1. List the residues, sorted by chain then number, that are 5 or more residues from Gly130 or on another chain and whose placed amide H is less than 5 Å from its amide H.
2. Apply the Karplus parameterisation 6.51 cos²θ - 1.76 cosθ + 1.60, with θ equal to phi minus 60°, to every residue of the stretch 53-70 and state each ³J(HN,Hα) to the nearest whole Hz, in sequence, with x for glycine and proline.
3. Give me P(r) over the stretch 47-111, computed from all C-alpha to C-alpha distances, binned every 10 Å, as integer percentages.
4. Write down the Å³ per residue value for the convex hull defined by the alpha carbon atoms of the stretch 53-179.
5. Which one of Gln161, His179, Thr70 is farthest out on the positive end of the charge dipole of the stretch 53-179, using unit charges on Cβ (Lys, Arg +1; Asp, Glu -1) and the Cα centre as origin?
Amino acid sequence: MLRWTRTVGITIVVVLVAIVGLYFTLAKAAAPAAGQAFKAEGGLVEFTPGGKLKQPVGYREWVFIGTPLTPNELNDGHATFPEFHNVYIDPGSFAYWRKTGKFRDGTVIIKDLVGVGYKKAPSGNGYFEGDYTGMEAAIKDSKRFKDEPGNWAYFDFGSKQPLKEDAAKKPTAACNACHQ
Ligand code: HEC
């Protein structure tokens, strides 16, 4: 009798563990991959019916590329962009770039502009990130932007909050002339 009870007990525990394990496996499979929380047209960003780029979301969880800073102090007091430039790329395109050295169709690169906050901290004097001010995006798409140099189009969501809800592609001369 004792043996039978123990066998039943062990069986119940094993079944429970299996159910919990299955639950987490299924939950993981159903969850979107990191950085892919939003999707449209098979891509990571969404366009309006009129072809404007909707303000991207979720990109701060993509692959972080780096942060150049061109402070006023090093530019005669008048830097064109005195802010930090935090740059992100979508994870799938980063993986592709790392493998091939090329930017694939659908690559999205986003640049957050972040003002200089304070310049002193217990760690020393320097430049510390302040508030988010602006945001720009570059997207490579050989169908949508077939006439742009390198098929890259550039979008500017403004340089003060609140940012624009959507942005039209900038003229080639405004951004791509420099970027190409
Ligand atoms: C005077 C040349 C110049 C012009 C004009 C220019 N850019 Fe850039 N851009 C740069 C340089 C240099 C960098 C890399 C260093 C940095 O971020 O400051 C850069 C970086 C970027 C990045 C980060 C990804 C990358 O390619 O490095 C984005 C996004 C971007 N620019 C968008 C734009 C948009 C949108 C416009 C037009 C409104 C624009 N740029 C106009 C020179 C330029």
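1. Gly115, Val116, Gly117
2. Ordered by residue, 3J(HN,Hα) equals 7, 6, 4, x, 10, x, 6, 6, 9, 7, 7, 7, 8, x, 9, x, 9, 10 Hz.
3. 20, 34, 30, 16, 1
4. Dividing the Cα hull volume of the stretch 53-179 by its residue count gives 135 Å³.
5. So the residue furthest toward the plus end is His179.
Quick note: the coordinates plus some simple rules give every number you see, no bench work behind them. Keep in mind that what you see is a predicted model, and the values were worked out from it rather than measured. Virtual Cβ from ideal backbone geometry, glycine too; neighbours counted across all protein chains shown.
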